[in-house]
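This report refers to the structure that appears directly beneath it.
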Amino acid sequence: MKRYLAMFLALLMLVFCFAACDNEKQESKPEQTTSTDASADTSGEEEMRYTANVPDVKYDGEEFVILTSYVSESVKRPEFGGTGDEEIVEDVVNTAIKTRNEIVEEKLDIDILELKIVDTNRAGAGATYAKISTALSGGALDFHMASPSLFNSATLAQGGYLEDLMQLEYLHELSESWWHKYFTDGVSLFGRVYYASGDISFYNLNTTTAMLFNKELFDEYQIEAPYQLVKDKKWTLDKLREIQTIGFSSDLDANGVIDYNDRVAITASNDMMWAQFFSCGGRIISKDGEGEPYLSIWSESNDNYITKIVELMQDKQNIILADDYFSVSQSPSTLVGDVFRSGRSLIHVGSIAMIDTTSEMSQEFGVLPYPLYDENQEDYYSFLSPWVGVAVCIPFGYDDETLEYISIVMETMGAEGKNEIIPQFYEVVLKRQKTRDDESQEMLDIISSTAGCDFGQIANVAEYPAMLHQLIKAEAGTFFSKYEALKSRAENEIQNIINAYSK
């Protein structure tokens, strides 16, 4: 991610020199190239551009159709640039998407179109699942690539409706830097990968988990600066618990309970359980050395993780959860987020998307990764929401020639996404326009470097994700009994996954 700053500065040069760039810059080259254009006023800054290692081919204006799904018609930022019959919203990210598409279209002589459908069922057999699963048999194979939710992606893969991306020559086993390796490692089984995440899209950056803290309140209450704690690997659950219980919460309306009308140490949602369990290193499913999955949700260490997380989330005097207020608001996350935005919360727990909604608050805030379990944990892990997060995949059923076409386009879109979209989204939108300090920028680098998901989460094995939510309101010490009640079902489902991936 440190390369992105240089990439952003290089974009300033491209504004002046793009029209003068010769055709050689558009040819296929290995991995990446570095060049300097003396005609641009960059004071000798190095230009870094990534180039897909694909054949130099033209497709005579052939369409490349991308299937996407959104929860409503009101989505203002199409993932891949729109349906082709509507004007793109002119902000920096959408402009970058448009620029990326135009570069790819010119390189390959294709026409990129987005087939957008509305689907509120991102975790089950909704419109997106139906469209992809019946594409071949129903004679509706009218799109080349799809971008379903992570939940839907896992279900489609197990059903045999997706192509193994590792078998496509020009995707190079998803080894290039514009594919997210940590994600790929997490969703591969037996060396097979049916859906991927990368710089071809920007959505998963938004859905990656993060925490915000009120810098002014931290100073007022003389709370130790969390940035240095993160760098020293001392930002742990115990430290978060210590901050939670300093005595900040107050029943402002004197109704006898701490709620969204009051002052409270932490604002969050039930999904904090999923994300914090993952951030501690807990996994529902793990893999052995051969890439075979096995049930790993129960262990002594995972029990320790759950014990600390539950203690923190059950402290109703010092935390409020958005899920408790669906009877009050249709958008309880906004309701609870307003507590932080109004300066009545020390820490707001959620995802990077919070930065956009919080950027106009009057008090200064900073960004943090979810904490480590303890100081012995080597890395911070950041969770991708299986509901909001997306993957890219190819529907099963195309012949080899078409699969080659699709893979060449995807690889080229990924490389140019790294050149055009990610610098704008990550550097400009998040770092330069929204966050308030250099340390927050460092935190975003840490957060994004290990963004991934638990295969057991996105495959919803034995509904263990729902069980993890249930623990938030369960009696202490019930984790093992709830695990045992679902164990047989989980082992059967894992065997079904093994059978599906072994075909």
First measure r as the distance between the Cβ atoms of LYS316 and ASP238, then evaluate 1/(1 + (r/R0)^6) with R0 = 22 Å and state the FRET efficiency to the nearest 0.05.
0.65
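Fully extended, how many nm does the chain gain between ALA254 and SER449 (0.36 nm per residue separation, minus their Cα-Cα distance)?
Details: separation 195, 0.36 × 195 = 70.20 nm, distance 4.39 nm.
So the chain would gain 65.8 nm between ALA254 and SER449.
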Contact order normalised by residue count of region 194-321, Cα under 8 Å, 6+ apart, percent:
23
Starting from the Cα of SER362, step 7 Å along the direction of its Cβ; do the same at ASP288; then give the gap between the two resulting points in nm.
6.1
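Helices from the chain with mean Kyte-Doolittle at least 0.0 and a Cα length along the axis of 15 Å or more, per DSSP H: which? Can you show the working numbers first?
Values: long enough: 3-17 (21 Å, 2.19); 92-108 (24 Å, -0.24); 300-313 (20 Å, -0.38); 400-422 (31 Å, -0.05); 438-449 (17 Å, -0.43); 479-501 (30 Å, -0.55).
Counting only whole DSSP H runs, the qualifying helices are 3-17.
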Pop the C-beta distance of TRP387 and ASP60 into the FRET formula with R0 = 30 Å and round what comes out to the nearest 0.05.
0.15
Rounded to the nearest 20 debye, what is the charge dipole size of region 115-192 about its Cα centre when +1 sits on each Lys and Arg Cβ and -1 on each Asp and Glu Cβ?
320
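Could you give the size of the charge dipole of the chain about its Cα centre, using +1 on the Cβ of each K and R and -1 on the Cβ of each D and E, expressed in debye and rounded to the nearest 20? Working shown, then result.
Details: 39 positive and 83 negative charges, 302 e Å.
So the magnitude is around 1460 debye.
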Once you put a point 7 Å from the Cα of LYS181 and another 7 Å from the Cα of VAL92, both along the Cβ direction, what distance in nm separates them?
2.8
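For an R0 of 45 angstrom, estimate the FRET efficiency from the Cβ-Cβ distance between SER488 and GLN167 and round to the nearest 0.05.
Numbers: r = 34 Å, r/R0 = 0.76.
Result of the calculation: an efficiency of 0.85.
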Please list, by residue number, every one of the GluC sites (Glu not before Pro) in region 201-284 that is coil in DSSP and has at most 15 other beta-carbon atoms within 10 Å.
GLU224
So between TYR221 and ALA353, what do we pick up on full extension, going 0.36 nm a residue minus the alpha carbon distance?
44.8 nm
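Would you mind checking LYS181/LYS231; LYS287/LYS431; LYS215/LYS239; LYS131/LYS503; LYS107/LYS418 for any pair whose Cα atoms are more than 26 angstrom apart?
Details: LYS181/LYS231 23 Å; LYS287/LYS431 36 Å; LYS215/LYS239 16 Å; LYS131/LYS503 23 Å; LYS107/LYS418 16 Å.
In this structure, LYS287/LYS431 exceed 26 Å between Cα atoms.
Just so you know, all these numbers are worked out from the coordinates, no wet-lab data involved. All values reported here derive from a predicted model rather than from experimental measurement. A quick note on method: Cβ atoms are made from the backbone with ideal geometry, for glycine too, and the neighbour counts reach across all protein chains shown.
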